[in-house]
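The values are calculated or read from the model by the stated rules, or taken from the named source; none is laboratory data. Computed from a predicted model, the values in this text were never measured in an experiment. Counting neighbours? That spans all protein chains shown, and the Cβs are built from the backbone with ideal geometry, glycine included. These area figures cover heavy atoms from the full protein model, side chains too; ligands, DNA and RNA do not enter into them. Shrake-Rupley method; radii C 1.70, N 1.55, O 1.52, S 1.80 Å.
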Amino acid sequence: AKAAGGNRFERADPEADARAITRHGLTNALPAALERGEFFIEYQPLVHLGDGSVHGAEALVRWSHPQHGVLGPDRFIPLAEHTGLIVPLGRWVMAESVRQARFWQERHPGSRAGGPLRVNVNLSPTQLHHPGLVADTVEVLERSGLEPGALCLEVTESALIGADDDLLKPLRQLADMGVDIALDDFGTGYSNLANLRRLPVSVLKLDRSFTQSMQQHPADPVDIKIVEGIVSLAHSLHLAVTVEGVETGAQAEQLRELGCDTAQGWYYARPGAPDRIHSLALTDAV
Ligand code: C2E
Ligand code: CA
Ligand code: CA
Ligand code: CA
């Protein structure tokens, strides 16, 4: 705390200090944690809204910290992003997820709706800017034997706002190889909808805030109009629409009626161990 200057914002704040110390400690511990294998991935199923069959899963990273227990990505991804450790960490997440998807496919070649199980991996802005992204992705796919079409990379809408050709080029290369690109948290940014045509994306992931407003059945008429508009625009551009954060059957039903294609949320399953995706998909096949 600074010497008293009559400014109440300079008052000591022990909680803020503790948070800063933890942040600092976590940041310093990241590289060793990666080396020691303290990170692990949970997978949350993505289901077809039409028939509820599992078509893949999103990979969500966690940190099993020796003192603090299991930490969610919101606690450390921003730190890893800030220090650049997100590049090796993200590479590990991608390699591990792709290997896992290949394993699911070997055990269980098709979901009920047909088509092999797929995996979605989140990319943060630093990874997007990293020159090794395309080469790393190609290498990971080749090593695992997973076909590029079974990988979907999720990029937030905000990371692509105002994106120039330099930023879009690697994404275009990946899309040309057959990798799907999804626009995550869609509807929270202020991107020009017409801009969508310029982006090499094939999936829109509608932000959870839209799902939340579908709590009631019927939901808020204005939100319904907005979702209807997004779905019709997306489909006219041949993009699929995924909804996230589905917690109730009423939400699922409403979003299905509005034409959304796939869904993810606690209503179906919480993120969990990789084997569960496989067994959910198997149950499906009955
Ligand atoms: P996201 O990509 O938007 O992921 C969805 C988040 O919603 C996940 O939080 C998931 O556990 C949570 N979720 C799923 N279903 C429900 C539901 O029905 N209700 C509610 N309230 N929440 C639900 P999580 O796992 O804490 O991840 C937070 C964020 O961390 C992710 O948001 C993503 O932006 C980031 N993240 C996770 N893994 C990675 C990674 O490997 N790399 C990068 N760069 N970012 C990651
Ligand atoms: Ca995501
Ligand atoms: Ca999201
Ligand atoms: Ca989010």
Counted residues in the range 237-266 being of a type in the set (S, T, Y) and surrounded by fewer than 17 Cβ atoms within 10 Å (Cβ to Cβ) come to 1
Those residues of the range 102-128 that are open to solvent by less than 30 Å² (accessible area, probe 1.4 Å), under 19 Å from P274 (Cβ atoms) and at pLDDT 95 or above come to a total of 3
Those residues of the range 156-182 that are at pLDDT 95 or above and under 14 Å from the mean Cα position of the chain (by Cα) come to a total of 3
G187 passes all but one of the listed conditions (1) in contact with a strand residue (DSSP E or B) (Cβ under 7 Å, 6 or more places away or on another chain); (2) within 17 Å of A57 (Cβ to Cβ); (3) open to solvent by 30 Å² or more (accessible area, probe 1.4 Å); the exception is number (2)
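Going through the range 30-57 one residue at a time, which ones are part of a helix (DSSP H, G or I) and open to solvent by 30 Å² or more (accessible area, probe 1.4 Å)? Reasoning before the result, please.
Initially, the range 30-57 is screened for residues part of a helix (DSSP H, G or I), giving 30-36.
Listed by number, the residues that qualify are P31, A32, L34, E35, R36.
Taking the range 58-98 only, how many residues are part of a loop (DSSP other than H, G, I, E, B), away from ligand 4 (no atom under 16 Å from the Cβ) and not hydrophobic (A, V, I, L, M, F, W, C)? Talk me through it step by step, then tell me what you get.
To start, the set of residues in the range 58-98 that are part of a loop (DSSP other than H, G, I, E, B) comprises 66-68, 72, 84-85.
When the remaining residues are screened for being away from ligand 4 (no atom under 16 Å from the Cβ), the result is 66-68, 84-85.
Checking the rest, the ones that are also not hydrophobic (A, V, I, L, M, F, W, C) come to 66-68, 84.
Residues flagged as part of a loop (DSSP other than H, G, I, E, B), away from ligand 4 (no atom under 16 Å from the Cβ) and not hydrophobic (A, V, I, L, M, F, W, C) within the range 58-98 amount to 4.
Report yes if E142 is within 16 Å of ligand 1 (Cβ to nearest atom), within 30 Å of S279 (Cα to Cα) and out of contact with any Gly (no Cβ under 9 Å at 6 or more places or on another chain), otherwise no. Break it down into steps so the answer makes sense when it comes.
On the way: within 16 Å of ligand 1 (Cβ to nearest atom): no; within 30 Å of S279 (Cα to Cα): yes; out of contact with any Gly (no Cβ under 9 Å at 6 or more places or on another chain): yes.
No: the conditions fail for E142.
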